[in-house]
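**Student:** Pasting in a structure now, in structure tokens, and then I'll have a few things to ask.
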Amino acid sequence: MKYNHLSKKFLWGASTSAFQVEGAYREDGKGLSIADVRSFKKSDKQLDTKVTVDHYHHWREDVQLMKELGLKSYRFSISWPRIFPNGDEMEPNQAGLKFYHQLIDTLLENGIEPIVTMYHFDQPLGLIEKYGGWISRKSVADFVKYGQCLLEEFGKKVKYWLTINEQAVLVVASDMIGIDLDQPIKNRYQAAFQANYHMWLAQAEVCKLCLNQFPESKIGPAVSYITTLPASKKSYDMMAAKELEDFYSFAQMEVALRGEIPVYFQNELAKLDIKIDTKPDDTEILLSGRANYLGVNWYCTTIVEANPEAKEDQFIFQRIMRIQDKELRHTDWGWNFDPIGLRYGLRQLSDRYGSIPIVITECGWSEEEELIDNQVHDKDRVEYLDRHIEQMALAVKDGVNVISFNPWSFIDLLSVGDGMEKRYGMVYVDRTNFEEKTMRRYKKDSFDFYQKLIKANS
Ligand code: BGP
């Protein structure tokens, strides 16, 4: 056994999210989400959310494949607008709850631990139309109502909760929360960082609710962690890398785990003259609603250097420049292959947060792929998984408390940026961007690789 130092209870899993796999976008009372609308805008170029890989109708078959793969955990998200179609209803949509009860029960029956994201990029459109979505403080109460509903329904069955997926991405790609990208940067960021602040409050409130009712459960964010390396050993490049990583990734973790907004983060907002509306009790809300574990979405490293033209009073994104490492392999979309970066990143997390349990909630390799003779030989994905799992296991040996690894993705799905052309799955789905084809599922080589690895290590 290669990884015999990992706990026998280590959760070997895989990951997806609702709008990327479910389809059935208006079925059984589901409302529209901002992710739906955003995808419809790109419908002429790529797949949208209407059908995707139709997991909503294929879920039993998909869980059987998970079982065959040997998964110990499955990280997926609940579609917010399936539960509250418009976001502001007082009562949840029973059909939506029923779907997830069935899914969760079936996972548990098959020995698969559900790791459930409450909100993965799909806020109900109704809330955005009603009051601007996360820009408004009203969204906090609507998320808390939704979170409380999920806890009441599923709290006895689900031990691992993720509150918000990749909040930093939502701020930068702010059209994902309904904030128009085509406006002066200051206006856009004023709205996006106010929204970010509300998400922090909402997350804290839900963590508190969860741990009061289910003290044994784990709850925290799924943070986008891009380990950021300096282009040279010069102090200015090292500072540039540190500042970007702190601002983009660590600030999110600091607020979730320590309940405090870092001063460096506030300084950056001041550079854009952003003013955040707060209330006196907010400090206490953040402090009393801290996460007790961390979900980490990790794909690759990035390399930056200081922009020699930039001035200290400019915003962080203007003070750094990204560099492509020519020695590293990249996906066609520029995401590098840097497994040691994962070990390094995990070590940084334990330096900061000690033995906090960490779940790798995403980690994966994308390819344009074709089914030939009912097979997909995804050699690069196999190598990616092999090498990243090796480095993750070394990090555990170093003392980092990683308790679960969930590659992105279990099955081919709608890529946020690139539709169906960019595949991540260990299971191939016979469909393309514009043709539904048979929707049949096929095991790729990575499926066989991961199946053997799980079998040998659990
Ligand atoms: C993360 C998201 C996922 C997923 C992944 C890959 O940011 O949490 O939802 O999509 O990135 O990104 P993309 O689909 O754009 O390739």
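The values are calculated or read from the model by the stated rules, or taken from the named source; none is laboratory data. Remember, predicted model here, so these are calculated numbers, not experimental data. When we count neighbours, we look across all protein chains shown, and the Cβ atoms used for this are built from the backbone with ideal geometry, even at glycine.
**Student:** Where the second residue is within 16 Å of the ligand (Cβ to nearest atom) and charged (D, E, K, R) and the first is under 20 Å from Arg75 (Cα atoms) and part of a loop (DSSP other than H, G, I, E, B) and lies in segment 392-418, which pairs have Cβ atoms under 6 Å and are six or more apart or on separate chains?
**Tutor:** Partner pairs satisfying both residue conditions: Asn406/Arg75; Asp412/Arg423.
**Student:** With the checklist (1) surrounded by 20 or more Cβ atoms within 10 Å (Cβ to Cβ); (2) touching a helix residue (DSSP H, G or I) at 6+ places or on another chain (Cβ under 6 Å); (3) part of a loop (DSSP other than H, G, I, E, B) in hand, flag the one item Leu71 doesn't pass.
**Tutor:** Only one criterion is unmet by Leu71, namely (2).
**Student:** Could I ask something else about it? Go over the candidates Ile303, Ile276, Ile261, Ile285 one by one and state the one that is surrounded by 15 or more Cβ atoms within 10 Å (Cβ to Cβ), aliphatic (A, V, I, L, M) and either in a loop (DSSP other than H, G, I, E, B) or at positive phi (or both).
**Tutor:** Ile261
**Student:** Suppose the filter is assigned to a helix (DSSP H, G or I) and either more than 23 Å from the chain's Cα centre (by Cα) or without any contact (Cβ under 8 Å) to a residue 40 or more places away in the chain (or both); does Asp386 pass it?
**Tutor:** no
**Student:** Considering every residue within segment 219-239, establish whether at least one is under 25 Å from Ile323 (Cβ atoms) and either basic (Lys, Arg) or touching a His at 6+ places or on another chain (Cβ under 8 Å) (or both).
**Tutor:** Yes, segment 219-239 has at least one match.
**Student:** Then there's this: Condition (residue is at pLDDT 95 or above, out of contact with any Gly (no Cβ under 7 Å at 6 or more places or on another chain), among the aromatic types (Phe, Trp, Tyr) and at negative phi) applied to segment 398-408: is it met by at least one residue?
**Tutor:** Within segment 398-408, none of the residues are at pLDDT 95 or above, out of contact with any Gly (no Cβ under 7 Å at 6 or more places or on another chain), among the aromatic types (Phe, Trp, Tyr) and at negative phi.
**Student:** Can you tell me which residue is modelled with the highest pLDDT among those in segment 414-444 that are out of contact with any strand residue (DSSP E or B) (no Cβ under 8 Å at 6 or more places or on another chain) and closer than 23 Å to Ile360 by Cβ?
**Tutor:** Among those residues, the one meeting the criterion is Leu414.
**Student:** Scanning for something acidic (Asp, Glu) and within 16 Å of the ligand (Cβ to nearest atom), does segment 107-126 turn up at least one residue?
**Tutor:** Within segment 107-126, one or more residues are acidic (Asp, Glu) and within 16 Å of the ligand (Cβ to nearest atom).
**Student:** Moving on to the next point. Is one or more of the residues making up segment 355-370 free of Cβ contacts under 8 Å to residues at least 12 places away in the same chain and within 23 Å of the chain's Cα centre (by Cα)?
**Tutor:** No: zero hits.
**Student:** Which of the following residues is surrounded by fewer than 18 Cβ atoms within 10 Å (Cβ to Cβ) and within 15 Å of the ligand (Cβ to nearest atom): Asn406, Asn457, Asn433?
**Tutor:** Asn433
**Student:** Could you list all residues from segment 371-383 that are in contact (Cβ under 8 Å) with a residue 24 or more places away in the chain and part of a loop (DSSP other than H, G, I, E, B)?
**Tutor:** If the condition is that a residue be in contact (Cβ under 8 Å) with a residue 24 or more places away in the chain and part of a loop (DSSP other than H, G, I, E, B), then Leu371, Asn374, Val376, His377, Asp378 are the ones that fit.
**Student:** Residues in segment 419-458 that are assigned to a loop (DSSP other than H, G, I, E, B) and under 25 Å from Ser174 (Cα atoms): how many?
**Tutor:** Looking only at that region, the number is 5.
**Student:** Right, another one. Could you tell me which numbered condition Leu294 fails, if it satisfies all but one of (1) more than 16 Å from the ligand (Cβ to nearest atom); (2) under 30 Å from Trp365 (Cα atoms)?
**Tutor:** (1)
**Student:** Further, regarding this structure: List every residue pair whose Cβ atoms sit under 6 Å apart, with the two residues 6 or more apart in sequence or on different chains, where the first one lies in segment 16-40 and is in contact (Cβ under 8 Å) with a residue 40 or more places away in the chain and closer than 28 Å to Ile360 by Cα and the second, anywhere, is of a type in the set (Ser, Thr, Tyr) and away from the ligand (no atom under 16 Å from the Cβ).
**Tutor:** Within 6 Å, the pairs are Glu22/Tyr56; Asp36/Tyr25.
**Student:** Return the pair list, or none, for Cβ contacts closer than 9 Å from residues in segment 287-310 that are among the charged types (D, E, K, R) to residues that are away from the ligand (no atom under 16 Å from the Cβ) and assigned to a loop (DSSP other than H, G, I, E, B), at least 6 apart or on different chains.
**Tutor:** The qualifying pairs are Arg290/Gly259; Glu305/Ala231; Glu305/Ser232; Glu305/Lys234.
**Student:** Looking at segment 410-430, which of its residues are hydroxyl-bearing (Ser, Thr, Tyr) and within 16 Å of the ligand (Cβ to nearest atom)?
**Tutor:** Ser415, Tyr424
**Student:** Restricting attention to segment 350-376, which residues are within 15 Å of the ligand (Cβ to nearest atom) and surrounded by fewer than 17 Cβ atoms within 10 Å (Cβ to Cβ)?
**Tutor:** Glu368
**Student:** Looking at Arg319, Arg381, Arg387, Arg347, can you tell me which residue is within 30 Å of Thr432 (Cβ to Cβ) and either more than 16 Å from the ligand (Cβ to nearest atom) or of a type in the set (Gly, Ala, Ser) (or both)?
**Tutor:** Of the residues listed, the single one that is within 30 Å of Thr432 (Cβ to Cβ) and either more than 16 Å from the ligand (Cβ to nearest atom) or of a type in the set (Gly, Ala, Ser) (or both) is Arg387.
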